[in-house]
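Single-structure report; data block below.
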Amino acid sequence: MPAPVPQPFAADELPALARGVIQRAKFPQLATMDGDQPRVRPVSPVRVDEDFTIYVANLRSYGKTHEIAANPKVELNYLDEAHDQVRITGFAEVLIDAQILREIWESNPLLRRYLGSPENPELIIYRIRPNRIRFMREWALQYHEVPLTASS
């Protein structure tokens, strides 16, 4: 059986290809550090900005709360149905911008249903600011750097 051949693409297509993977892969994996032990779990982003900033809802009682407080360096891995991947390496911070919090709250019926109020003390929204974005086609076995200032 011959090996699959990845579809070629131009470098200027990388931002759009990465956004496509993010749109199709609804539940990326979030990697954090628990001391010297890596931890990975699926998360459900509540917002994705054009500059690849990702917002993730969390409950204060979850393990990742303490892990991110101790070490805000994180990585998200998106894998779509075609096995294309996007890896976003960055820093997680607790979102305090009231306008963005309100926008996220108003656009997310699941948050409203389960948490009742944006003032719920269990609710944390993390803003993950990327410092590196990589894209890989299935079987390509090579990552391609996505420009951080990409807006296409």
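Using only helices, what value at 222 nm comes out for the chain when you add -39,500 (n - 2.57) per DSSP H run of length 4 or more and divide by the total residues, to the nearest 500 deg cm²/dmol?
On the way: 4 runs with 36 residues, N = 152.
That comes out to -6500 deg cm²/dmol.
Starting from the amide H of residue 46, placed 1.01 Å from N in the peptide plane, find each other amide H under 5 Å away whose residue is 5 or more places distant or on another chain. Under 5 Å from the amide H of residue 46 lie the amide H atoms of 55, 56, 57, each far enough along the sequence or on another chain.
Taking label points 7 Å from Cα along the Cα-to-Cβ direction, residue 29 and residue 97 give a separation of 2.9 nm.
Using the Cβ of residue 102 as centre and a radius below 13 Å, the other residues enclosed give a net charge of -2, where K and R count +1 and D and E count -1. Among the GluC sites (Glu not before Pro) found in the range 1-109, those both in a DSSP coil and sparsely packed, with 12 or fewer other Cβ atoms within 10 Å of their Cβ, are 50, 81. A DSSP coil position with no more than 11 other Cβ atoms inside 10 Å describes none of the trypsin sites (Lys or Arg not before Pro) in the range 63-152. Restricting the range 1-31 to trypsin sites (Lys or Arg not before Pro) that sit in a DSSP loop and have at most 16 other Cβ atoms within 10 Å of their own Cβ leaves 26.
A short reminder: the numbers here are calculations on the coordinates, not readings from a lab. Since we're looking at a predicted model, the values are computed, not measured. Glycine also receives a Cβ, built like all others from the backbone with ideal geometry; neighbour counts cover every protein chain displayed.
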